[in-house]
Every structure is written in structure tokens, then in C-alpha cells.
Amino acid sequence: MRMALLMALHPCWLRAKHDADYTIDKPTMRDVLPALFLLMIGIFGLAAATLFSVPTGPQYVVITAPGSSLAETISVIAHAQGGIVSTGRYSNIVVAASDRPDFVQSLRRAGAWLVVNPTQISGCYGKQSS
């Protein structure tokens, strides 16, 4: 009696009896869509946590509007009373430094789009080979 109850409740016993009745259908977009949705939420969540966290330390990567000249980017840093550590391939991305505790907020008020820790995007602003 006990064995019959276990066999009735456990689905693998049912499958073992009727394996020939089961067929594997080709996955459709409806099957894959929930997994893709969760993947995109995860990627956007990690990107937001990385880029929008408040960086700490003496150096910061300052990103201004796309198409900004190097002079405009340096002007934003100077307005926030910071100094230039290095420039890179793109004129709107510069590594800056300051000892001011409110330097990140000053950069954002001066017009910086993003201010991030330089180790988070170190591969994005490398020198262009000539």
C-alpha cells in the first residue's frame, strides 16, 4: 500500500511507464522569452550598480556628453577644482583627481554625465596607437 502511494505521487514513475508517449518539441520564442527577460534585467542591474555607484578614491573617470571636445571636458574638471591625471582615446573621457570630498558632486553639477571609478572601465579609455 505504501509503495503504491509513493509511486502514484512521484511523477518519474508515471514517466517510466509512458516514455514512448513523450516527445520533445522544438523550443519556441514563447519558451525562451522569460529567460531572455531575466537575463536582460540582470545585465542592466549589474551595469547600473557599476556605473551609478558613488566612486571613492582620489582618481575618477569623468565622462561628459558625447562629442564634447577635450577642452570642454577639461573645463568641467577645472570648474569642479580638479586636476587632469590622463586623457585617452575619446575627448569626452578623462581621468581626473582631487582631494575635495565633494568632488564627484561638483563634477556632476559642472556638467559631467558620469563619474566612475577608473578601475571599472580601465579598458575603455586606453591610448590610441599612432
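Applying the selection to the stretch 76-102, what residues are at pLDDT 85 or above, surrounded by 15 or more Cβ atoms within 10 Å (Cβ to Cβ) and within 23 Å of the chain's Cα centre (by Cα)?
Thr87, Tyr90, Ser91, Asn92, Ile93, Val94, Val95, Ala96
For the stretch 109-121, name all the residues that are outside any loop (DSSP other than H, G, I, E, B) and more than 21 Å from the chain's Cα centre (by Cα). Spell out how you get there, then give the answer.
Restricting attention to the stretch 109-121, the residues satisfying the condition of being outside any loop (DSSP other than H, G, I, E, B) are 109-110, 114-116.
The answer is Arg109, Ala110.
Would you mind stating whether Leu5 is over 29 Å from Ser86 (Cβ atoms), at pLDDT below 55 and exposed (fewer than 10 other Cβ atoms within 10 Å of the Cβ)? I'd like the intermediate steps shown before the answer.
Numbers: over 29 Å from Ser86 (Cβ atoms): yes; at pLDDT below 55: yes; exposed (fewer than 10 other Cβ atoms within 10 Å of the Cβ): yes.
Criteria met by Leu5.
Report yes if Thr56 is among the hydroxyl-bearing types (Ser, Thr, Tyr), modelled with pLDDT under 90 and farther than 30 Å from Arg109 by Cβ, otherwise no. Before you say what the answer is, go through the steps one by one.
Working: among the hydroxyl-bearing types (Ser, Thr, Tyr): yes; modelled with pLDDT under 90: yes; farther than 30 Å from Arg109 by Cβ: no.
Taking the combined requirement at face value, the residue does not satisfy it.
Could you tell me how many of the residues in the stretch 106-128 are modelled with pLDDT of 90 or more, surrounded by 13 or more Cβ atoms within 10 Å (Cβ to Cβ) and not hydroxyl-bearing (Ser, Thr, Tyr)? Steps first, please.
We begin by selecting, within the stretch 106-128, every residue modelled with pLDDT of 90 or more; these are 106-113.
Okay, now just the ones that are also surrounded by 13 or more Cβ atoms within 10 Å (Cβ to Cβ), so 106-108, 110-113.
Applying the additional criterion that residues be not hydroxyl-bearing (Ser, Thr, Tyr) yields 107-108, 110-113.
So the count comes out to 6.
Among the residues of the stretch 93-108, count how many are farther than 12 Å from Ala78 by Cα and outside any strand (DSSP E or B).
The qualifying residues number 7.
Taking Pro66 and the conditions (1) part of a loop (DSSP other than H, G, I, E, B); (2) modelled with pLDDT under 90, which numbered condition does it fall short on, given that it satisfies the others?
(2)
Is it the case, given these coordinates, that Ala47 is assigned to a helix (DSSP H, G or I), within 19 Å of the chain's Cα centre (by Cα) and either at pLDDT 85 or above or farther than 30 Å from Ser86 by Cα (or both)?
Working: assigned to a helix (DSSP H, G or I): yes; within 19 Å of the chain's Cα centre (by Cα): yes; either at pLDDT 85 or above or farther than 30 Å from Ser86 by Cα (or both): no.
In short, no.
The values are calculated or read from the model by the stated rules, or taken from the named source; none is laboratory data. Just so it is clear, the model here is predicted, and its values are computed rather than measured. Neighbour counts are summed over all protein chains in view; Cβ atoms, including those assigned to glycine, are modelled from backbone coordinates with ideal geometry.
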